[in-house]
Amino acid sequence: MMRVVTRLLALFALTLVAACGQNDTPKQSTAQGGPALWQVQRGELKGWLFGTIHVLPKGVAWDTPTIKDAMTASDRLILEAADLQDEQKTLSLFEKMGRSADLPPLERRVPDEEKTALVKAMADGGTNSQLLSGYESWAAAMLLSAASQQGLGVSQDDGVEPVLIETFRKAGKPIGGLETVERQFAAFDTLPEAAQSRLLVQTVHEAKGMKALYDRILTAWSKGDMEAIAKEDQIGEQPDPMVEEAVLVARNRDWVKAIEPMQGRPFIAVGAGHLTGRENLIDLLKARGFTVTRVQ
């Protein structure tokens with residue numbers, strides 16, 4: 001999942017699957033016909049829940065007939081954050097929330113044994129400490145992650161969300177969000193420095209294997225293999241509990257509160273990493289009395 005300043009926040013969902021991990025994964029059947037899609041029902045709500053991947057290479061055919069039918073039958077689109085498409089606003093918020101005065105050099109924010117790897121990761125990504133040290137550690141981690149992903153050949157423009165937005169706009173259907181971009185950044189910005197430093201270190205560790213990670217997740221996502229996506233935490237490092245709580249679990253809880261009063265036929269699209277693991281969105285919805293049925 002990858003990340004950020006629009007392109008950052010775009011890629012950010014991919015790395016969250018591995019960086020935050022997905023523990024205690026519920027058993028789910030694997031559909032081979034395309035990305036995972038669920039129907040969600042309770043009371044006056046009969047909508048859909050779609051697990052997305054925010055950045056893709058060109059030419060990935062993910063919008064199967066089942067997904068197209070669901071989009072046609074729905075009455076609105078609900079994204080993680082509808083205002084993410086406002087690049088100027090997103091960049092402005094990132095700069096406002098991600099920068100602070102009088103920060104120490106980035107190398108001083110990681111353990112001594114990680115300094116060499118950090119410098120190499122920055123050099124490999126075409127950036128350096130001078131450019132990143134003005135950012136708080138969480139924001140520097142996002143920028144470093146984005147730099148390390150330049151060679152993946154993927155783009156937010158080719159991701160799922162732009163297609164969804166264009167489809168619903170053409171159909172004259174409203175587009176909303178479960179949260180704001182500011183709330184997304186705040187999940188990182190409110191982390192204590194120790195947790196931000198751990199996130200930065202893990203970003204450094206994952207930079208070298210980013211292409212392999214992305215390829216595995218893309219393959220699993222394309223065939224709806226949520227169990228394979230969830231197992232990525234077994235390949236990489238164990239998740240930092242504080243980061244996982246702030247960036248995945250707490251946001252999932254907030255999203256359930258946003259979904260509960262909904263009526264009608266919303267098409268809800270969130271990063272696939274939010275649909276597996278501890279207190280994932282599907283389990284939280286079921287706990288609130290929603291019927292959640294895998295349809296693809």
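The values are calculated or read from the model by the stated rules, or taken from the named source; none is laboratory data. Source: prediction; values computed, not measured. We place every Cβ from the backbone using ideal geometry, glycine too, and count neighbours over all the protein chains shown. Side chains are part of the model used for accessible areas, which takes the heavy atoms of the whole protein and leaves out ligands, DNA and RNA. Shrake-Rupley method; radii C 1.70, N 1.55, O 1.52, S 1.80 Å.
When you restrict to C-alpha pairs under 8 Å that are six or more residues apart and normalise by the size of the chain, the relative contact order lands at 39 percent. Please give the residues of the range 177-191, grouped as numeric ranges, whose backbone N is less than 19 Å from a label point set 7 Å along the Cα-to-Cβ vector of Ser92. Taking a point 7 Å out along Cα→Cβ of Ser92, the residues of the range 177-191 whose backbone N falls under 19 Å are 180-186.
Rolled with a 1.4 Å probe across the full set of protein chains, the surface gives Ile165 an accessible area near 10 Å².
Helix 7-19: angle to the longest alpha-carbon principal axis of the chain, degrees 0 to 90, nearest 10? Taking the Cα atoms of the chain, the angle to 7-19 is about 90 degrees.
For the range 88-137, which whole-number percentage of the solvent-accessible area (1.4 Å probe, protein heavy atoms only) is attributable to carbon and sulfur atoms?
Roughly 52 percent, rounded to a whole number.
Of the peptides 48-57, 213-222, 198-207, the order by per-residue mean of other Cβ atoms within 10 Å, starting with the highest, comes out as 48-57, 198-207, 213-222. The phi torsions of the range 200-206, fed into the Karplus equation with coefficients 6.51, -1.76 and 1.60 and a -60° offset, translate into couplings of 5, 4, 5, 4, 4, 4, 7 Hz, rounded to whole numbers, with Gly and Pro shown as x.
With both labels modelled 7 Å from their Cα along Cα-to-Cβ, the Val295 to Ala212 distance reads 3.9 nm.
Accessible area per residue for the chain, computed on protein heavy atoms with a 1.4 Å probe, is 42 Å². Gyration tensor analysis over the Cα atoms of the range 141-296 returns equivalent ellipsoid semi-axes of 27, 20, 17 Å (largest first, whole Å). When each of the peptides 145-157, 167-179 is scored by the mean number of other C-beta atoms lying within 10 Å of its residues, the order from highest to lowest reads 145-157, 167-179.
Hey, any idea what % of the range 190-296's accessible area is carbon plus sulfur with a 1.4 Å probe? Ligands and nucleic acids excluded, carbon and sulfur give 55 percent.
Quick check: Cα centre of the range 98-133 to Cα centre of the range 260-296, how many Å? The range 98-133 and the range 260-296 have Cα centres separated by 38 Å.
In this Cβ point-charge picture (+1 for Lys and Arg, -1 for Asp and Glu), the range 92-175 has a dipole of about 320 debye about its Cα centre.
Ranking Ser74, Val55, Leu199 by how far each Cα lies toward the positive end of the dipole of the chain (charges on Cβ) leaves Ser74 at the top. Ranked by the mean number of other Cβ atoms within 10 Å per residue, highest first, peptides 95-104, 81-90 order as 81-90, 95-104.
Straight-distance candidates among the lysines for linking to Lys211, with alpha-carbon spacing under 18 Å and chain neighbours fewer than 8 residues away dropped: Lys58, Lys120, Lys231. Taking square-rooted eigenvalues a ≥ b ≥ c of the alpha carbon gyration tensor, is the range 134-222 rounded, prolate or oblate, where a/c under 1.5 means rounded and, failing that, a/b exceeding b/c means prolate? Oblate shape, in that a/c is at least 1.5 and b/c is the bigger or equal ratio. Think of it as helices only: each DSSP H run of n ≥ 4 in the chain is worth -39500 (n - 2.57), and spread over all residues that comes to -13500 deg cm²/dmol at 222 nm.
Charge dipole (Cα centre; +1 on Lys/Arg Cβ, -1 on Asp/Glu Cβ; no other charges) of the chain amounts to roughly 780 debye. Considering only Gly177, Gln39, Gln150, and ranking their Cα positions along the charge dipole of the chain that arises from unit charges at the beta-carbon of Lys, Arg, Asp and Glu, the one farthest toward the positive end is Gln39. The Rg/Rh ratio of the chain, with Rg taken over Cα atoms and Rh as the Kirkwood radius over Cα pairs, comes to 0.96. The orientation-averaged projection of the convex hull spanning the C-alpha atoms of the range 76-215 amounts to 9.2 square nanometres. Legend: P(r) of the range 58-144 from all alpha carbon pair distances, 5 Å bins from 0, whole percents, reading 2, 11, 15, 14, 12, 10, 10, 9, 8, 6, 2, 0.
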